[in-house]
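The values are calculated or read from the model by the stated rules, or taken from the named source; none is laboratory data. All values derive from a computational prediction rather than experimental measurement. Every residue, glycine as well, gets a Cβ built from its backbone with ideal geometry; the counts of neighbours run over all protein chains shown. The protein model used for the area step is the full one, side chains on, heavy atoms only, and it has no ligands, DNA or RNA in it. Shrake-Rupley method; radii C 1.70, N 1.55, O 1.52, S 1.80 Å.
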Amino acid sequence: MYGPGDVRVENVPDPTLQQPTDALVRVVRSCVCGSDLHPYHSMPASAEGSPMGHEFIGVVEETGSAVSTVKAGDFVIAPFAFFDNTCEFCREGMTTNCLHGGFFSTAQAEAVRVPQADGTLVKAPVGEDSALLPSLLTLSDVLITGHHAAVTAGVNARTTVTVIGDGAVGLLAVLAAKRLGAEQIVLMGRHKDRTDLGREFGATDVVAERGEEGIAKVRELTGGHGTHTVLECVGHMPAYEQAFGVVRAGGVISRVGVPQYEEAPVGMGTLWGRNITLTGGPGAQRPYIEDLLPDVLEGRIEPGKVFDRTVGLDGVPDGYRAMDAREALKVLVQP
């Protein structure tokens, strides 16, 4: 990406092993993320450009001498961050805060160097022709991010839920909330094709209105009090304002949409005075993949339904355009 709206496909040198803990993975499927649209709108123009992509699944081609948990030929899922899975933060389940970790940024490509391969890569017992590939790819980001929103908010059978955003993360936050037992899930979104999928994933109500009108509608659906939990899956200030407008006193707001702001209301009239908890953050926690993988493999959930367009690498620039124009929900990339 060279600047707003300027995505190009270029040949670059093949990745190589740089550390004994590295692995090289041939990408079988990647995708364009809704968070990629933030720099697509606002990235400063650059003569050098920045490689893009943080979601991928693929086949291990080569490993460093210190790698022991995966080998050449293994099919693997890579979360959008890499981590050693042994440092003090990883042991506490916060792998995105690994002392030796970082985030992928080169996955819209044919191959990726994976640092900390032992801690990062999760093997899956499938072949490259598996019909499960789209759903397995969601375990790289959008499903584990939606799940992170639900988990950090404390969603369970006793909590009501509002999900803000009908992008892929929002829809899979609905699926995650349903999987955790929530019986009332309000999806705030205004694109019918997407909210219909949200209903399929478990949304009990859809609110298309925004702002004060949308807040009033959610409160009407919840006895005037709002929901116990709010999963904010957008990242822009209007979504955050809706979140504190619809959350119940004593409730929890979990933000997993990458925030496009640094300052936000947290005072007496918004959070503090009503005992609201604010949580969330990056959701690339390895334990989530291990928890959710059996449900995907055994067909209990089908999160891959969020992909509604497939392109090759040459089609990635148009994939960005289609997602930005809301012509596609989420674009799958098949190198």
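Remarks
- Filtered by the rule that a residue be open to solvent by less than 30 Å² (accessible area, probe 1.4 Å), over 16 Å from Leu175 (Cα atoms) and out of contact with any Gly (no Cβ under 7 Å at 6 or more places or on another chain), the range 282-311 gives a lone residue, Ala284.
- Residue match in the range 270-282 (condition: outside any strand (DSSP E or B) and under 19 Å from the mean Cα position of the chain (by Cα)): yes
- Filter result for the condition that a residue is exposed (fewer than 14 other Cβ atoms within 10 Å of the Cβ) and modelled with pLDDT of 95 or more, over Ala72, Ala23, Ala117: Ala72
- Unmet criterion (only one of (1) more than 26 Å from Val59 (Cβ to Cβ); (2) open to solvent by 20 Å² or more (accessible area, probe 1.4 Å); (3) not charged (D, E, K, R)) for Pro125: (1)
- Where a residue in the range 173-187 is on the phi > 0 side of the Ramachandran plot and its partner, wherever it lies, is open to solvent by 10 Å² or more (accessible area, probe 1.4 Å) and small (Gly, Ala, Ser), with Cβ under 6 Å and at least six apart: Gly181/Ala157
- Taken together, the residues in the range 229-254 that are of a type outside the set (Asp, Glu) and open to solvent by 60 Å² or more (accessible area, probe 1.4 Å) amount to 4.
- Residues that are surrounded by fewer than 21 Cβ atoms within 10 Å (Cβ to Cβ) and part of a loop (DSSP other than H, G, I, E, B), drawn from the range 128-151: Glu128, Asp129, Ser130, Ala131, Leu132
- For the range 41-69, filtering for residues that are out of contact with any helix residue (DSSP H, G or I) (no Cβ under 7 Å at 6 or more places or on another chain) and open to solvent by 60 Å² or more (accessible area, probe 1.4 Å) leaves 10.
- Evaluating Tyr320 against the criteria (1) closer than 17 Å to Gly226 by Cα; (2) touching a residue at least 12 places away in the same chain (Cβ under 8 Å) leaves one unmet condition, (1).
- Index of the failed condition, Asn11 passing every other in (1) open to solvent by 20 Å² or more (accessible area, probe 1.4 Å); (2) out of contact with any Ser or Thr (no Cβ under 7 Å at 6 or more places or on another chain); (3) farther than 26 Å from Ser130 by Cα; (4) touching a residue at least 12 places away in the same chain (Cβ under 8 Å): (4)
- Screening Asp205, Asp118 for residues that are farther than 26 Å from Glu241 by Cβ and of a type outside the set (A, V, I, L, M, F, W, C) leaves exactly one candidate, Asp118.
- Positions within the range 13-38 being assigned to a helix (DSSP H, G or I) and small (Gly, Ala, Ser), in sequence order: Gly34, Ser35
- For the range 81-114, a residue qualifies if it is assigned to a loop (DSSP other than H, G, I, E, B) and open to solvent by 80 Å² or more (accessible area, probe 1.4 Å), and the qualifying residues are Thr86, Glu92, Leu99, His100, Glu110.
- Scanning the range 255-269 for residues that are in contact with an Asp or Glu (Cβ under 8 Å, 6 or more places away or on another chain) and either loosely packed, with under 15 Cβ neighbours inside 10 Å or part of a loop (DSSP other than H, G, I, E, B) (or both) yields Val256, Gly257, Pro265.
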